[in-house]
Amino acid sequence: EDPSSSSSTQNSVAPELPGFYYDPEKNRYFRLLPGHNNHNPLTKDSIQHKAMECKRLRLLEEEEKQKKTTRAGLNSPVLLQKRQLGLLSSTSYCRLVHELKVNCMQRRKIEIHSPDSSVAGTNNFKIIVADVACERIFTVNDVEHGGCKYGIINLSGLGKESLTVEMYDNLYFTNRKVNSVCWASLTHPDSHFSLTHFSTLCLMGIAETPGCASLLPASLFSSTNPGDRPGMLCSFKISTAWSCAWCLNPQADNCFSTGLTRRVLVTNVVTGHRQTFGTSSDVLAQQFATQTPVLYNGCRSGEIFSIDVRQRNRKGQSWKATRLFHGSAVTSIHLMEAEHYLMAADMAGKIKLWDLRTAKCVKQYKGHHNEYALLPLHVNEEEGLLIAVGQDCYTRIWSLQDAHLLRTIPSPHPSSKDAIPSVVFSSRLGGSRGVPGLLMAVKQDLYHFSYN
């Protein structure tokens, strides 16, 4: 049973009556009033929240007792026997082993250390984004007096036995809402291991006020003397910002894109040159291809289209190349490694895998829950997994191969709009010699779900 779905037991026991709530424990109906009742203050929201909380606690108890459902016959001895008998190819064997590992992941809380003892564990995590090597995580944290603050977590100390990470904070914060974050590289690929040349692109702004795209140097977050730290690299004023993406293709070097209200803005951070492409809807999700300078965009209207940024601005929308359509607002897109397929999620909770060559949907991943939030997708092709956090605060993991829902992980905290977990999944958390697993940031806590 999907923990986000409403209970079917209630409907089978007693019919639903308008204005009344049936309590299966007390086996009776209670009247629902618009206000508070002195004897029975019930509302639909409170009833739904109570049911969700009961399911969350039940799933947490099952997690602790290691009572997680897996595919029939999915266990180590059976897989190894089939592999030795030649009944499983190497690819299928590795994929099923990863599925087994996912079902064996156990939650452990991480201790966050900081040079400034007043920083760690004081602000709620809102967004966490890992760099390409998964050595560091850029964090956006809500501050108590409003606005957001930034930080970088170093994962080098994360090991099988060690559950400690270092978090470096800074004095910069914004009173704007941070809508999107991505990592950016301003150097040649050969020098991409240099910490000082890695930067983070933050997109800030809300629909009612002008926003900005800021490029922050990673060296801003360090344990060195604060007086020696560089300031913000650059900041570009924009309006009504929703999404951002950095281009790693050499034909559009040092360029980033911002998705705005009914237009796409491509900016070169070195020359300041800008290209504008008008759209018919707000652009909520973006990603550049790496093999070609092509930008993919997901819109509030449900449309997904691509732009070749080498072409000049054109009037109308004749510059649109690939065009796909969802039935609801597209909240996240992910271009697969070979760049023949595109994964997309929308506000109806649907996740679809599109074949860009035929413009057809080839797979759907069911169980995701979303109604209005901008929630990201996380794809790990090496291990054949898809991860997404729903608006109901459950983290779900699917098999990329056959779209089977492998595991549903409840949040360690009660579900609420301001407690939706943000996750990072990698087979090498902490670098090339790191540990595999899932990182989950929720409220002020950071958790590691390690492979057993």
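Keeping all protein chains in place and using 1.4 angstrom, which order do 111, 16 fall into by accessible surface area, from largest down?
Values: 111 105, 16 145 Å².
Putting 111, 16 in descending order of accessible area: 16, 111.
Between their Cα atoms, which of 55/417; 50/101; 109/443; 65/109; 55/177; 177/237 are more than 20 Å away from each other?
50/101; 55/177
Leaving ligands, DNA and RNA out of it, work out the accessible area of residue 269 with a 1.4 Å probe and give it in Å² to the nearest 10.
That residue has around 30 Å² of solvent-accessible surface.
The values are calculated or read from the model by the stated rules, or taken from the named source; none is laboratory data. Just so you know, these numbers come straight off a predicted model, no measurement behind them. All accessible areas refer to the heavy atoms of the entire protein, side chains included, with ligands and DNA or RNA removed. Shrake-Rupley method; radii C 1.70, N 1.55, O 1.52, S 1.80 Å.
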